[in-house]
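Below is one structure, written out as structure tokens, with a few remarks after it.
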Amino acid sequence: MINVVEAPREPDGRTDAWPETLVAALADNARCVPEKIAIREREFGIWRERDWAQVLDETLAIAAGLDGLGLSCGGTVTVIGDNRANLYVAMLAINALGAAPAPVYADVPPDELFLYTRHGEPTIAFAEDQEQVDKLLKLRARIGRPAYIVYDDPRGLTAYRESGLIAFEALVKDGRRRLENRMGLGTELLGRAGPDDIAVLLHSSGTTGQPKGVVVRQRHISAAVRNASAGGFFARNGECFGYLPLAWIGDFVFTLSATVFLQGTINIPERQETVLQDLRAVAPTVYLAAPRAWDNMLTRIQVGMADSTPFKRRLFDFFMPRAVEIERRRLQGKLPGLADRLLLGCGEILMFGPIKDFIGLSRATRAYTGGEALGEDTFLFFRALGVNLKQFYGQTETCAITAAQPDGEVRLDTVGRALPGVELKISDDGEVLVRSGSVIDGYLGDDEGTAKTFVDGWLHTGDAGEIGADGQLRVLGRVSEVVRTASGDQYLPNYIENRIKFSPYVRNVAITGAGLPFLGAIVCIDLEAVGHWAERKGISYTSYADLSQKPAVHGLIGKTLGEINRQLSGALAIRRFVNLHKDFDADDGEITRTRKLRRRVIEERYAALIGAIYDRQSDVVFEAPIVYENGAQGMIRRDLKVLDVEGSWT
């Protein structure tokens, strides 16, 4: 399938030259719409605003300050913390010098931080607060860098006497002084960055080893936003919500880059704990969330309705099932009739509108999900609610977005068509290949990985897929994860796992069965959803581990797996399962920071559980080492039940 647009025009019909770099786009915004709000951040309950002229002024001041610290073209700067306006502006300032910000997930522990600071050997770092400064100081004690740490939030840091600690305001002040003393420095900084300079240095998920350095250049980002806007998936003057991890390509493209190139506004919550409250206050027009976040939002609505008044529950129970059925028929190509439109209109006034206002999506004209499959029930629910939710497909290597569902062509089982300016095709062995200006050139310091992944201009995504006659792409799973049971039956563990996670009661799951007689499952329950279910059933519990081993919860999960079995061939039915006493944890190395399974780690760590599944044991004593916050080590011991999935042996 080839879908190429040689010269996409601006979405508003203008034919101005498209900026080649983020800094060029920022300068255009400051010239064309200087007083338009660029960033809005909540602080102590008050929304503080910065217009495009202020953002450019601060960007140049920070860039001048970094220039004074010795940062030059080709350099790298670590950025670690949650979403903060100053960190976004700092990344633009780093770009202005022709250097690359290298954002790191805020929850990365000190011992893992080295893995994300190997590439580029950054000597300067930006940190959100004291917690992140402490991590960087431990890193410096270990490897001798970063020499300079610029911190945003000064609380708890006034007594620190370590060298190289610089307050964000002090860096800005020094930069302004340099701009005043050196004539023409500001103009020079605006012209330093070029399309071949690195816009951001990110890292792969590291599911099979150490994270790769993913080099995303200015021209890649420019092409990605241009392609998406030409296809109607981005629009000018959008209001986005800056809450996604800074180290994720989705945040860099959807939040920062799309906002800068298309003169939008970034709205930043006060802190991660207030995201839901602040989302309602913002009501963004563009909203991106991972499938699990949409599932959690649906659970929140369902819990809220269960605790609501009898009248509201009756309204919900009347309108929602009917709206979902109307949406299901709509996705099958059957347009709503007059009676359906009247019902939806009444539902919008009485139920759907208030719910969208409650969750902060009353203005969301563009809502997206990606990264993995979204459950059918969740997808239908939000579309029935009136949220224009669509799926998209992409990787870090393609600047996040390669294909997306156009309006009027939304389907449950596809991720949409190739964007304008993007070529998609399926290789002879069923792998999805991508070619576009938004595809990166290769990995940093990994010639072997680059040669294997980028062949003759095509990115080998590693995903198995197929393109239908209508041009819609269907992603099946990872090519490398196609495995066989002992009897030779082929299956994709990730494909089955995603469908199990469609259940609100399952947080994570690992399917076993490679080279074994049948499929088994290690299940991590969703504490919030199962906990609320248990409360309604009058089941008391003391902890996650206690709840997971309740007989009623075993029955709940067994029923969920039984429903999945009806979608699978008999040879690939899930025969046995165990509810784990805890969720898979990134800090334990069981999943990546983007919540992808590290299958090898799980198979090694839970070998005793897997053995119990296939030895037909009814229970197993599981022991594992545990490290406490003070560094002390201990051993955790749990008695876990191993059960058959009802009906799976017949």
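Every number here is computed from the coordinates shown, using simple stated rules; none is lab data. Worth saying up front: this structure is predicted, and the values here are computed from it rather than measured. Neighbour counts run over all protein chains shown; Cβ positions are idealised from the backbone, glycine included.
Quick rundown of the values:
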| item | result |
| --- | --- |
| Backbone N within region 21-40 under 14 Å of label point (7 Å from GLU49 Cα along the Cβ vector) | 34-40 |
| Difference of contour (0.36 nm per residue) and Cα-Cα distance, LYS559 to CYS73 | 169.2 nm |
| Amide H within-cut-off set for ALA586, under 5 Å, with H built and near neighbours excluded | ILE591 |
| The chain, relative contact order [Cα under 8 Å, separation at least 6], % | 11 |
| Length added when fully stretched, GLU409-GLN210, from 0.36 nm per residue minus Cα-Cα | 67.8 nm |
| Eligible aspartates and glutamates near LYS135 by straight Cα distance, threshold 20 Å, same-chain separation 8 or greater | ASP82, ASP107, ASP111, GLU112, GLU121, ASP152, ASP153, GLU162, ASP585, ASP587, ASP588, GLU629 |
| Least to most buried among LEU547, LEU137 (fewest other Cβ within 10 Å first) | LEU137, LEU547 |
| Most positive-pole-ward Cα, GLY408, VAL216, PRO19, against dipole of the chain from beta carbon charges | GLY408 |
| Förster radius 35 Å - calculated FRET efficiency between ARG474 and ASP307 (Cβ-Cβ, nearest 0.05) | 0.35 |
| Whichever aspartates and glutamates have a C-alpha closer than 19 Å to that of LYS425, once near sequence neighbours (fewer than 8 apart) are set aside | GLU6, GLU397, ASP413, ASP441, ASP456, ASP463, GLU466, ASP470 |
| Rg/Rh for region 20-276, where both radii come from Cα atoms and Rh is the Kirkwood radius | 0.94 |
| Amide proton proximity set for VAL422, modelled H, under 5 Å, gap of 5+ | ASN3, VAL5 |
| Packing-based exposure ordering (other Cβ within 10 Å, fewest first) of MET183, MET297, MET305 | MET183, MET305, MET297 |
| Between region 86-158 and region 252-321, the Cα center-to-center distance that results, in Å | 30 |
| Pair LYS173, LEU276: separation of 7 Å Cα→Cβ label points (nm) | 4.1 |
| Cross-link pairs beyond the 30 Å C-alpha cut-off, checked among LYS596/LYS641; LYS334/LYS537; LYS312/LYS390; LYS390/LYS582 | LYS334/LYS537; LYS390/LYS582 |
| Region 482-644, relative contact order in percent, only Cα pairs under 8 angstrom and at least six apart counted | 19 |
| Highest average packing first - 232-244, 426-438, Cβ atoms within 10 Å | 232-244, 426-438 |
| Environment charge of ARG182, counting only residues whose C-beta is closer than 13 Å and scoring Lys/Arg +1, Asp/Glu -1 | -1 |
| Over the chain: helical MRE at 222 nm, DSSP H runs n ≥ 4 each giving -39500 (n - 2.57), nearest 500 | -10500 deg cm²/dmol |
| Dipole magnitude (debye, nearest 20) for the chain, charges at Cβ of Lys, Arg, Asp, Glu | 1120 |
| Surrounding net charge for SER548, when Lys and Arg each add one and Asp and Glu each subtract one, Cβ distance under 12 Å | +1 |
| Length gained when the stretch MET183-GLU162 is fully extended (0.36 nm per residue, less Cα-Cα span) | 4.2 nm |
| FRET efficiency, ARG595 to GLU376 (Cβ-Cβ, R0 22 Å, nearest 0.05) | 0.60 |
| Farthest positive-ward along region 482-644 dipole, Cα basis, beta-carbon charges - from ALA571, VAL621, ALA607 | ALA571 |
| Percent antiparallel among DSSP beta bridges (both partners in the chain, rounded to 5) | 60 |
| Sequence-distant residues sharing a close amide H with VAL150 (under 5 Å, placed H) | ALA125, PHE126, ALA127, ILE166 |
| Rough spin-label spacing in nm, given labels placed 7 Å along Cα→Cβ, for LYS36 and ALA147 | 4.0 |
| Zero-based 5 Å bins, Cα pair distances in region 482-644, whole percents | 2, 8, 18, 22, 22, 16, 8, 3, 1, 0 |
| Debye, to nearest 20: dipole size of region 132-247, +1 on Lys, Arg Cβ, -1 on Asp, Glu Cβ | 280 |
